[in-house]
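*Asks:* Structure incoming, see below.
Coordinate-derived values only; no laboratory data. Everything quoted here is computed from the prediction, not taken from an experiment. For neighbour counting, all protein chains shown are included, and Cβ atoms are generated from backbone atoms with ideal geometry for every residue, glycine included.
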Amino acid sequence: MNVSILNPKPLLAENRRFFSDKALKAMIMPLLIEQLLHLVVGIADTMMVSYAGEATVSGVSLDTMIYTIFIYLFTATATGAAVVLSQYIGRGDRECANLACFFLCMVELSIDLWYVIKCARFSAASCRF
């Protein structure tokens, strides 16, 4: 039996750490607060329309799920871009960093425009009686 799997890895040496534990906690707290706010907004939306009926609550819940998916999509692309940009900046390649930033903006803009067009088509179709 391989016992080394059960033993934790030693901590990273102090001289190799980029951030202290206190700095990491300070960076994580805004992320936790953001997730809590998303949760609270979804709950508040549902509570505000709860008097209107089951169909309305279902619609609001569906809308909350859709915008949550887009928030996660944009967060994932921004995180991936941050990794790529930090590699280019660390290498000192400013031109590639600018190109990667431009590409990220174009990807985000194209996702936004696609969603806006889909919503406009859907709302125009649903307004016809």
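*Asks:* Return the pair list, or none, for Cβ contacts closer than 6 Å from residues in the stretch 58-81 that are aliphatic (A, V, I, L, M) to residues that are surrounded by 11 or more Cβ atoms within 10 Å (Cβ to Cβ) and part of a helix (DSSP H, G or I), at least 6 apart or on different chains.
*Replies:* Within 6 Å, the pairs are VAL60/ASP45; VAL60/THR46; ALA81/LEU104.
*Asks:* Only one of (1) surrounded by 12 or more Cβ atoms within 10 Å (Cβ to Cβ); (2) among the acidic types (Asp, Glu); (3) over 22 Å from ASP112 (Cα atoms) is not met by ASP63, so which one is it?
*Replies:* Answer for ASP63: the failing condition is (3).
*Asks:* How about the stretch 17-47: which of its residues are of a type outside the set (Val, Ile, Thr) and touching a helix residue (DSSP H, G or I) at 6+ places or on another chain (Cβ under 8 Å)?
*Replies:* PHE19, HIS38, GLY42, ASP45
*Asks:* Here are some residues: ASP112, ASP93. Which one is surrounded by 10 or more Cβ atoms within 10 Å (Cβ to Cβ), over 30 Å from GLY42 (Cβ atoms) and among the acidic types (Asp, Glu)?
*Replies:* ASP93
*Asks:* Among the residues of the stretch 14-26, which ones are within 20 Å of GLY90 (Cβ to Cβ), of a type outside the set (S, T, N, Q) and surrounded by fewer than 10 Cβ atoms within 10 Å (Cβ to Cβ)?
*Replies:* Result: ARG16, PHE18.
*Asks:* So, one more: Kindly indicate the residue of the stretch 69-90 that is closer than 19 Å to TYR115 by Cβ and among the aromatic types (Phe, Trp, Tyr) and also surrounded by the most Cβ atoms within 10 Å (Cβ to Cβ) among those meeting that condition.
*Replies:* By that ranking, first place goes to PHE74.
*Asks:* Restricting to the stretch 59-104, what's the tally of residues that are closer than 22 Å to GLN35 by Cα and not charged (D, E, K, R)?
*Replies:* So the answer is 24.
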